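First up is the structure itself, then whatever we jot down about it.
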Amino acid sequence: MNALPGKFRDPLWTAKGERRAAVSLSGLRTLWFNTGTLCNITCAHCYIESSPRNDALSYITAAEVCGFLEEAASHPLEEVGFTGGEPFMNPELPGMLEDTMALGLRALVLTNAMRPMMLAAEDARAAARASTPVDWPCASAWTTTAPSTTTPNAASAASPAPWRACAGWPAPG
């Protein structure tokens with residue numbers, strides 16, 4: 001049964017017989033994917049109430065993303081965004097990123113970065129145990145306390161030093 005009787009039945013006309021507002025699609029520059037609602041943390045301000053227990057949205061698969069990318073190929077697509085939940089909890093995210101970049105598109109991941117940084121730390125510990133040098137991905141925090149602070153690893157007197165994910169990074173300055 002329709003929860004809103006008489007409303008939203010016609011995409012062009014309202015229930016009162018008035019023409020609906022419409023905006024024609026002139027181009028698709030950014031395509032967004034929600035990778036699922038699971039997250040490794042719970043934030044009170046989360047728009048989708050992601051948490052370690054909220055699996056209301058199942059993980060999207062790399063094959064599904066690939067299908068949507070093929071469908072969007074006729075548009076001037078520039079960027080693909082991934083959000084969630086925590087995108088890095090989706091085990092197929094690396095494949096999605098590879099597919100996106102293989103098409104020459106930018107990839108944007110909205111993440112709390114805890115999962116990839118924990119993996120980088122595990123790689124560093126394993127390399128230290130094996131006494132073998134290793135290359136692992138690193139991320140730096142961008143401070144946002146002052147409008148003029150727009151460089152990685154920049155710290156102001158008003159903010160604590162940014163968190164550095166990679167062991168052995170020198171202190172800024």
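Since every read-out is calculated from the coordinates, none of them should be taken as a lab result. Fair warning: this is a prediction, and the values are worked out from it, not measured in the lab. For neighbour counting, all protein chains shown are included, and Cβ atoms are generated from backbone atoms with ideal geometry for every residue, glycine included.
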*In sequence order, what are the phi-derived ³J(HN,Hα) couplings for the stretch 68-74 according to the Karplus relation 6.51 cos²θ - 1.76 cosθ + 1.60 with θ = phi - 60°, rounded to whole Hz, with x for glycine and proline?*
5, 5, 5, 5, 7, 4, 7
*Grab the beta carbon distance between V23 and N54, set R0 = 30 Å, and tell me the FRET efficiency rounded to 0.05.*
0.40
*By the scheme Lys and Arg +1, Asp and Glu -1, what is the net charge of all other residues having a beta-carbon under 12 Å from that of T61?*
-3
_Residues T61 and A130, FRET efficiency given R0 of 45 Å [Cβ-Cβ distance, rounded to 0.05]_ = 0.85
*Candidates per chymotrypsin sites (Phe, Trp or Tyr not before Pro) in the stretch 1-73, loop by DSSP, up to 15 other Cβ within 10 Å*: F8, Y47
*asked:* Just to be sure I understand the model, the point goes 7 Å from the Cα along the line to the Cβ. What's the resulting E70 to A107 distance in nm?
replied: 1.9 nm
*Using a 10 Å cut-off on Cβ atoms, rank the peptides 115-125, 78-88 from the highest mean neighbour count down.*
78-88, 115-125
*asked:* Working only with C-alpha atoms, what are the Rg and Dmax values of the stretch 1-99, expressed in angstrom?
replied: 17.7, 48
